[in-house]
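Right, one structure below, let's go through it.
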Amino acid sequence: MPLSEYPLRLAVIIGSVRKDRFGPTVATWLMTRVEGRDGLETDVIDLADLQLPADLGGGGDTAGFLKRIDRADAFIVVTPEYNHGYPGGLKTAIDTGRDEWKAKPVAFVSYGGTAGGLRSVEQLRPVFAELQAVTVRSAVSLHWADSLFDERGRMLDPERPESAVDTMLRQLEWWGHVLRAGRGRGDCPG
């Protein structure tokens with residue numbers, strides 16, 4: 001069976017580890033869009049559930065986390081914007097691996113206030129480029145995210161954000177299949 005006929009293994013990474021964070025609400029909403037698509041097998045990785053040592057020397061949940069990253073064909077990073085940047089715990093998680101990210105696509109769903117997390121996304125793009133991962137052009141940005149959901153975590157006006165998710169997922173799936181085929185040849189330089 002050609003690789004393109006196997007489900008694309010998608011890891012959704014919740015990047016905030018703060019107490020009372022909003023990331024799980026955004027990720028739950030995102031998963032309603034992702035789980036309805038054929039050809040995707042998902043793994044939600046909540047960094048708050050993992051112990052990843054900041055010294056990058058291994059230990060804690062490092063080995064299990066790296067296996068999950070290595071197994072994935074594509075990623076969606078759900079990230080807030082903290083002080084015009086991305087969370088430190090997310091940077092630690094990214095830096096925990098190297099080759100596990102290589103030649104795989106990364107998409108972003110960001111959230112925050114005025115900028116909707118876009119500054120964190122723009123800072124993450126060169127980080128992933130250094131790991132030879134490919135970031136997709138379209139991202140989903142939720143401005144004033146806490147006002148977009150009701151008390152049960154349902155999106156109040158889902159039409160625009162869901163359209164953005166669909167565009168992002170089409171790009172991610174295309175890159176996911178192309179890069180998986182390339183990795184299968186084993187000729188990725190670097």
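Filter region 109-119 down to residues that are assigned to a helix (DSSP H, G or I) and touching a Pro at 6+ places or on another chain (Cβ under 7 Å), then give me how many there are. Break it down into steps so the answer makes sense when it comes.
Taking region 109-119 as the starting set, the residues that turn out to be assigned to a helix (DSSP H, G or I) are 118-119.
Restricting the remaining residues to those that are touching a Pro at 6+ places or on another chain (Cβ under 7 Å) gives none.
Final tally of qualifying residues: 0.
Put simply, of ASP55, ASP43, ASP49, ASP38 the only residue that is exposed (fewer than 13 other Cβ atoms within 10 Å of the Cβ) and modelled with pLDDT of 95 or more is ASP49.
Would you please name the residue that is nearest to the chain's Cα centre (by Cα), looking only at residues in region 122-160 that are under 23 Å from THR96 (Cα atoms) and among the acidic types (Asp, Glu)? Among those that are under 23 Å from THR96 (Cα atoms) and among the acidic types (Asp, Glu), it is GLU122.
So is VAL26 β-branched (Val, Ile, Thr) and assigned to a helix (DSSP H, G or I) or not? Show your work before the answer.
On the way: β-branched (Val, Ile, Thr): yes; assigned to a helix (DSSP H, G or I): yes.
Judged against the criteria, VAL26 is a match.
In the set (1) assigned to a strand (DSSP E or B); (2) without any contact (Cβ under 8 Å) to a residue 60 or more places away in the chain, ALA48 fails one condition alone, (1).
Comparison of ARG18, ARG37 shows that the only residue that is more than 23 Å from VAL178 (Cα to Cα) and part of a loop (DSSP other than H, G, I, E, B) is ARG18.
If only residues of region 54-108 that are charged (D, E, K, R) and in a loop (DSSP other than H, G, I, E, B) are counted, the one that is nearest to SER16 (Cα to Cα) is GLU81. Among the residues of region 130-143, is there at least one that is in contact with a Ser or Thr (Cβ under 6 Å, 6 or more places away or on another chain) and in a helix (DSSP H, G or I)? Looking for residues that are in contact with a Ser or Thr (Cβ under 6 Å, 6 or more places away or on another chain) and in a helix (DSSP H, G or I), one finds none in region 130-143, hence no.
For region 144-181, which residues satisfy the criterion of being small (Gly, Ala, Ser), closer than 21 Å to VAL106 by Cα and exposed (fewer than 14 other Cβ atoms within 10 Å of the Cβ)? First the steps, then the outcome.
First, pick out the residues of region 144-181 that are small (Gly, Ala, Ser): 145, 147, 153, 163-164, 176, 181.
Checking which are closer than 21 Å to VAL106 by Cα leaves us with 163-164, 176, 181.
The answer is SER163, ALA181.
Flag not set for SER163, criterion: of a type in the set (S, T, N, Q), more than 21 Å from GLY97 (Cα to Cα) and in contact with a helix residue (DSSP H, G or I) (Cβ under 6 Å, 6 or more places away or on another chain). Kindly provide the set of residues from region 175-189 that are aliphatic (A, V, I, L, M) and closer than 16 Å to ARG137 by Cα, ordered by number. Listed by number, the residues that qualify are VAL178, LEU179. Among residues of region 70-99 that are under 20 Å from TRP29 (Cβ atoms), those with a Cβ under 8 angstrom from a residue that is part of a loop (DSSP other than H, G, I, E, B) and aliphatic (A, V, I, L, M), sequence gap 6+ or separate chain, pair up as PHE75/ALA133; GLU81/ALA115; PRO87/VAL17. GLY184 falls short on exactly one of the conditions (1) under 26 Å from ARG18 (Cβ atoms); (2) part of a helix (DSSP H, G or I), and that condition is (1).
Of everything in region 148-176, what is outside any helix (DSSP H, G or I) and aromatic (Phe, Trp, Tyr)? Give them in sequence order. Within region 148-176, just PHE149 meets the criteria. Looking only at region 111-143, count how many residues are closer than 21 Å to TRP175 by Cβ, aromatic (Phe, Trp, Tyr) and either crowded, with 20+ Cβ neighbours inside 10 Å or touching a Lys or Arg at 6+ places or on another chain (Cβ under 6 Å) (or both). Of the residues in that region, 0 qualify.
The values are calculated or read from the model by the stated rules, or taken from the named source; none is laboratory data. Source: prediction; values computed, not measured. We place every Cβ from the backbone using ideal geometry, glycine too, and count neighbours over all the protein chains shown.
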